[in-house]
Structure formats: structure tokens, C-alpha cells
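See below for the structure under consideration.
Only the coordinates and a few stated rules stand behind these numbers; no lab work does. Not measured: the values here are computed from a predicted model. Quick reminder, even Gly has a Cβ in these numbers, built from the backbone with ideal geometry, and neighbours come from all protein chains shown.
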């Protein structure tokens, strides 16, 4: 289970717990909204009751602490629920699990009604929910590949028995994963006999994915994460592992890997322009890209994530020391973006902490004290 997901109702006890959870969530949101009052121009945030129900709580806490005059601009609501009052809405921001239409059609239908009401009032929307379908693994791979970036070949599996006969044209090695979920089970297929190990009944929408070897000369795998916030981008993390699946638990923490991550974090992402074209192709305003390099240095995008976990320092205090300052940069840039889209450049924007911005011409710059890795168009 996603650690940000609340338990789903099962039986009478589960239903009671779900109701109690909804009541607690409602109180939390109400407390925030009452504290905020009714500013003239609000940023309406939509989150689900269960899945990622507290997404970006850390961002909201950061805003309250660092830019308190901007905190009242955020009005928190749940989907589905009562229609938010849009008379003072300057921006709609759905923080909803992708892909919404495929996983939560009832939530999708309700949010689309809210978006239609916003469109009638010319209220801008960050990441319209219909565009979240572009993050389906096989769909995203095609859209990104069309921009000239290599992606793994993917074959959605509607009938496992039929797939066993021809593997959709794939040859091992490949792996099977969920097409519409993040953090799902992945089964590597080195030999066709490995298909017997795939728990087909546990998959919602399986997809076979070509295995692209991104090991470096040292035999280690590297997964880079770039966060696009509008036309600007930030190098978010570099995860080095000895295994092909890049999990938090498998990450290698030592002086060499952390020094390499610091080098990545303290300069503009070298693939900024190409990943921005991929963002546009996906129709998304904010999105994270996970990528690596194949033999010869060829860029390979693994997947996009429109709802990335932005707060996740790992490795203990020694390694977090260089990670934590990055969140001032990420959250500051995200708040700037929301305020610009909401037409609130002043006074809240001027109260933001200074964040250095680098373009391509500054790629050789260094700054030891804090990240200087924001890229511009």
C-alpha cells in the first residue's frame, strides 16, 4: 500500500474506520480554511479522501512557515465532495492520483464538472485531470518517444494467455508491471519460463516493458529525477543501486554516490530542454521525469510522474544535510508558479526567499552552500 493511502473500507469495521478517517480529514481541511479566511483570490486545491489524501502537506507547512502571507491563498477541498465556491477562485490545482480516469472514474467525473465550471469562468487549471491519462505507462512512452527521446517498448497485456504465445513481439529480457499504478510489483522475465512466476490475478492492467540496460561502467544503475514546474526545471535526485529496480531500500549511500548526487543537484539538469519538450507532449504543467543513460550516453526516460513525492530526504542525517536545502528551491519554485498562474505576483511573490536561477550558459557554475540547479527555457 502507498504510505500516503488511507485504508480502504472492508466490511462493517472497515466502513466505520473509513468514515472516521473522512471526518478527521474534513476537520483538518476546515481548520486550514477557517484559519485562512476568505482572501479575494484563492488557489483551490483538490485532494482525494483516501489515495494520497495528505499529498503536499509538507509543502503547505513550508508555505505557512516561510511565506505566511501566501498560506491563506490555498483553499483545501476533497474530491468528490461539495462543489467549491469559485467566485473568488483564481486557480484550480488538482493534487489527484494519476491516471485518475482509469483508476477512479467517479472522482474523475466529479472533477471534470468542477473543471467545466472553472472553464466557464476562465479560471486556469494546473494539470487538467484528462491529461493525467497521458501518464499511463504505455501511453506516456509513446508520447515521449515522439519527441525524440528513447523510451522502453511497452506492450499492454489484455490476455495473459495470448501474451504467452507471442509476447507481443518482445524478447527477453523484459519485465511485467502495472500500466496504471506507481510502486507496483515488477517481475523480470529473463527466460520465457519466468512467465510462470507472474501473479497475473494480482495485476489490474499489466504491461510488458522492454528492459533497457542503464548500468554504468562500474556496474551500478542510476536513476535521475528531474522536476518540471512549468517551463522551469529542477534536478531533484540521483539514486544509485546495484539492482535494476531502483527502490529506496536498494539505494547505495556512500561518499562516492553522494558526491555524485551533489554534483547532479548543484547544476542545471543537462536534459532540461528535451524533458521540457516531453512535458509539453504530455500536456502537463508540472511533472517529474525519471531517467537514465544507456550505453553510449543515450538518454532513456523510464516514466513521468505528475504527482511526485517532493519531500523525501533519505539516508540519515549525514546525507540529508545536502538534500534538505533543496526543498527551499523546489517549494519556492512551485509556489512562484502557482502565484504566477493565479495572477498573484504581489505581494506574496516578493516575500519568497531568494532562489538563484541558472540558464544553459551557467552550466559550469558551482555553489557549495545551496543548490543552484534551476533551469529556464
The chain: calculated mean residue ellipticity at 222 nm from DSSP helix runs of at least 4, using -39500 (n - 2.57): -9500 deg cm²/dmol
Contact order relative to length of the chain, as percent, for alpha carbon pairs under 8 angstrom and 6 or more apart: 15 percent
Residue 23 versus residue 300: modelled label distance in nm, points set 7 Å from Cα along the beta carbon direction: 5.2 nm
Estimated inter-spin distance, residue 38 and residue 113, nm [label 7 Å along Cα→Cβ]: 2.3 nm
Inter-label distance for residue 193 and residue 49, nm, one decimal - labels placed 7 Å from Cα along Cα-to-Cβ: 4.9 nm
Choice from 289, 174, 163 showing the highest fluctuation, given a GNM over the chain with Cα pairs closer than 10 Å: 163
Linear extension gain, residue 256 paired with residue 122, 0.36 nm per residue minus alpha-carbon span: 43.2 nm
Semi-axes of the equivalent ellipsoid for the chain, Cα gyration tensor, largest first, Å: 33, 28, 19
Likely footprinting exposure, 13, 126, fewest C-beta neighbours within 10 Å first: 13, 126
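How high is the relative contact order of the stretch 142-193, in percent, with contacts defined as C-alpha pairs under 8 Å that are six or more residues apart?
The normalised contact order for the stretch 142-193 reaches 24 percent.
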R0 of 30 Å, Cβ-Cβ distance residue 162-residue 185: FRET efficiency to nearest 0.05: 0.90
